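Any read-out appearing in this document is the output of simple, stated calculations on the displayed coordinates, not a laboratory observation. Keep in mind that what you see is a predicted model, and the values were worked out from it rather than measured. Reconstructed Cβ throughout: ideal geometry from the backbone, glycine too, with neighbour counts over all protein chains shown.
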Amino acid sequence: MRQGRAPHLDRYRLLLLAAAVALCLARPALSQTVVGKATYYNPDGKTGACGTSSCNSDIEAAPGDREFGGGSSPNIAAICNTKATITAPNGQSVTVPILDEREECDKDAPHIDLTAGTFKALGYDLDCGVIQGVRFGPAVSRFLL
């Protein structure tokens with residue numbers, strides 16, 4: 001220990017460093033690739049669960065509560081602003097930010113909502129409504145982007 005430095009400050013710095021490392025290593029709930037279905041939604045400029053507003057043509061996604069892991073203040077959920085790769089059965093793939101949370105209606109099946117823009121970017125017409133067999137994940141920590 002250096003002379004003249006209070007020992008409690010060194011412990012405080014160590015605690016801060018440990019907290020920073022824990023934040024960097026925290027894995028959001030969408031940490032593995034799953035196969036499920038994708039539907040589309042139109043955010044219409046409304047503010048989503050991560051605190052950002054989105055247009056229908058934006059490229060982004062909204063996982064369900066199981067993947068989102070919202071908690072009491074969803075706009076600070078670990079998954080907010082992370083990225084996920086969505087791959088459709090036709091081979092088209094997009095990497096999208098997670099900026100919203102899908103309303104949970106079928107808790108047992110992996111399901112992700114895509115903006116209309118993302119749905120189209122995967123090569124599907126909106127009339128299709130649902131894409132079965134979509135692969136999505138993993139989300140990458142926002143600290144590593």
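Can you sort CYS80, CYS55 so the residue with the fewest Cβ neighbours within 10 Å comes first? Let's see the in-between values first.
Numbers: CYS80 23, CYS55 14.
Lowest to highest Cβ neighbour count: CYS55, CYS80.
Taking amide H as placed 1.01 Å from N in the peptide plane, TYR40 has its amide H under 5 Å from the amide H of LEU114, each at least 5 places away in sequence or on another chain.
Going from the residue with the fewest nearby Cβ atoms within 10 Å to the one with the most, LEU114, LEU99 rank LEU99, LEU114. Taking other Cβ atoms within 10 Å as a rough exposure proxy, THR87, THR118, THR47 sort from fewest to most as THR47, THR87, THR118.
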